[in-house]
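Asks: Mind looking over this structure? Questions follow.
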Amino acid sequence: MSPRSDPGQSVLEFLRCPACAAPFRETRPSILECGCRACPVLAGIPVLVDDPFARRAAAEVRKGRGEDALAVALAHFFPAPSLAARIARRAGWLPIDRARQLILDSTLTFQDAAEALDRGREAAYFSGRSTQEPFRVGRALLHEAPPGPALDVGCGAGHLEAACPGRPLVGLDRNFPQLYLARRFVHPQGLFVCADACRPFPFPDGAFAATFSMDVFQYLRERERAAAEMDRVTRRDGQVILSHLRNRRAELSYEVPSLAPEAYARLLPSRVARFYPESAWLSPSPQPAPAANIDAERPFVLVAGP
């Protein structure tokens, strides 16, 4: 299988290890192995980050407790509201019973589960997603992208994947709770991979006709590496699309400096870059603008490729 296959098929067989680039083997149900690591598949999501929740979940699967692996993973994300709870968490205790209840509760809503997993702020961000202008623009960009499989870098809770049923679209994000929300509530048939956008992507060269990122790329700490990986996994006749770029006041300590439009283009030197005001993609015939005419204080779009 490959990303060029039926979009309902698994992504497992074309994944590559981010560390050693070797293909994964599904050595047992819900475990992917290569020469250097074993990674769990939780709720249908390959988890390729080397984080404590992933290691503990993989250990549960190897012990034959596959049903507990998802609960162990999600328990890492429940808030620890008291000092005693934080001390217990550091000592290795996790609220696994609460996580099991969350998994089994068929009455939960997207908002309920997000708040339980300490993701209420993200749930508020995704509220009304389909009517938000950046989302409408992203959907239009993917509709006009070259035909074939596409990769959504920083896919969040999978709303864009759910809105593009006619295109094989793989969502990549390192935020596992968001991907769990995507598979459970937003797009249960979606193809999602938990991996770091600032590390080598777990895909072979030229795997995608388009690689896309919306309202994420400007926040990445290692934009040069991310851009290089987006370029690598995109076909030579494909497009790399950065949507909802904008300059920001660096109000938070983790924010990286903003870039001028020309600087974003220099991150993709092998492809011809075109710029658009974001609002142009709300019209039937969007027209590019010279980089010098782009107001970087307002959202804009970069399309690199034919």
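Asks: Mind checking the log10 I(q)/I(0) for the chain at q = 0.07, 0.09, 0.14, 0.16 Å⁻¹? Debye, one equal scatterer per Cα, no solvent, two decimals.
Replies: The calculated log intensity ratios at q = 0.07, 0.09, 0.14, 0.16 Å⁻¹ are -0.27, -0.46, -1.09, -1.37.
Asks: Along the charge dipole of the chain, which of Gly166, Ala123, Pro29 sits closest to the positive end, that is, farthest toward it, with unit charges on the beta carbon of Lys, Arg, Asp and Glu (+1, +1, -1, -1)?
Replies: With unit charges placed on the Cβ atoms, the residue in question is Pro29.
Asks: Tell me the relative contact order for the chain as a rounded percent, counting alpha carbon contacts under 8 Å between residues six or more apart.
Replies: Values: 567 pairs, mean separation 45.1, N = 306.
This gives 15 percent for the chain.
Asks: Could you tell me whether segment 1-132 comes out rounded, prolate or oblate from its Cα gyration tensor? Rule is a ≥ b ≥ c as square roots of the eigenvalues, rounded for a/c under 1.5, then prolate if a/b exceeds b/c, otherwise oblate. Could you put the intermediate results ahead of the total?
Replies: Working: a/c = 2.02, a/b = 1.27, b/c = 1.59.
Verdict is oblate for segment 1-132.
Asks: With each pseudo-label sitting 7 Å past Cα toward Cβ, what's the Ser270-Ser258 distance in nm, one decimal?
Replies: 3.1 nm
Asks: As a footprinting exposure proxy, order Ile31, Ile87 by other Cβ within 10 Å, with the fewest listed first. Before the final figure, lay out each step's value.
Replies: On the way: Ile31 19, Ile87 11.
Ranked by crowding around the Cβ, least crowded first: Ile87, Ile31.
Asks: Which of the peptides 48-56, 209-217 is most tightly packed, and how do the rest follow, judged by the mean count of other Cβ atoms within 10 Å per residue? Intermediate results must be reported in sequence, preceding the final value.
Replies: Values: 48-56: 18.6, 209-217: 24.6.
The most tightly packed comes first, giving 209-217, 48-56.
Asks: Could I ask something else about it? Considering the Cα positions of segment 129-304, please state its Rg to one decimal place and its Dmax as a whole number of Å.
Replies: Looking at segment 129-304, its Cα Rg and Dmax stand at 15.1, 44 Å.
Asks: Ok, one more. Which FRET efficiency value, to the nearest 0.05, is calculated for Arg90 and Glu115 with the Förster distance at 22 angstrom and r the Cβ-Cβ distance?
Replies: Values: r = 23 Å, r/R0 = 1.06.
That pair, Arg90 with Glu115, gives E of 0.40.
Asks: If contacts are Cα pairs under 8 angstrom and at least 6 residues apart, what is the relative contact order of segment 12-126 in percent?
Replies: Details: 129 pairs, mean separation 16.4, N = 115.
Computed over segment 12-126, the figure is 14 percent.
Asks: May I pose another question? Would you please give the FRET efficiency between Glu67 and Tyr219, computed as 1/(1 + (r/R0)^6) with r the Cβ-Cβ distance and R0 = 41 Å, to the nearest 0.05?
Replies: 0.70
Asks: Given R₀ = 41 Å, what would the calculated FRET efficiency be for Leu83 paired with Gln287, taking r from the Cβ atoms and rounding to 0.05?
Replies: Working: r = 58 Å, r/R0 = 1.40.
Computed FRET efficiency for Leu83 and Gln287: 0.10.
Asks: Now a separate question. How would you classify segment 153-200 from its alpha-carbon gyration tensor, with a ≥ b ≥ c the square roots of the eigenvalues: rounded for a/c under 1.5, else prolate if a/b is greater than b/c, otherwise oblate?
Replies: On the way: a/c = 2.38, a/b = 1.38, b/c = 1.73.
Oblate, since a/c reaches 1.5 and b/c is not below a/b.
Asks: Quick one: which residues, 5+ away or cross-chain, put their amide H under 5 Å from the amide H of Cys155? H built at 1.01 Å from N.
Replies: Leu172, Asp173
Asks: What three numbers, in Å, describe the spread of the alpha carbons of segment 88-196 along their principal axes, ordered from the longest?
Replies: Extents along the principal axes: 50, 26, 22 Å.
Only the coordinates and a few stated rules stand behind these numbers; no lab work does. If you're wondering where the values come from, they're calculated on a predicted model, not measured in any experiment. Heads up, the Cβs are rebuilt from the backbone with ideal geometry, glycines too, and the neighbour counts pull from every protein chain shown.
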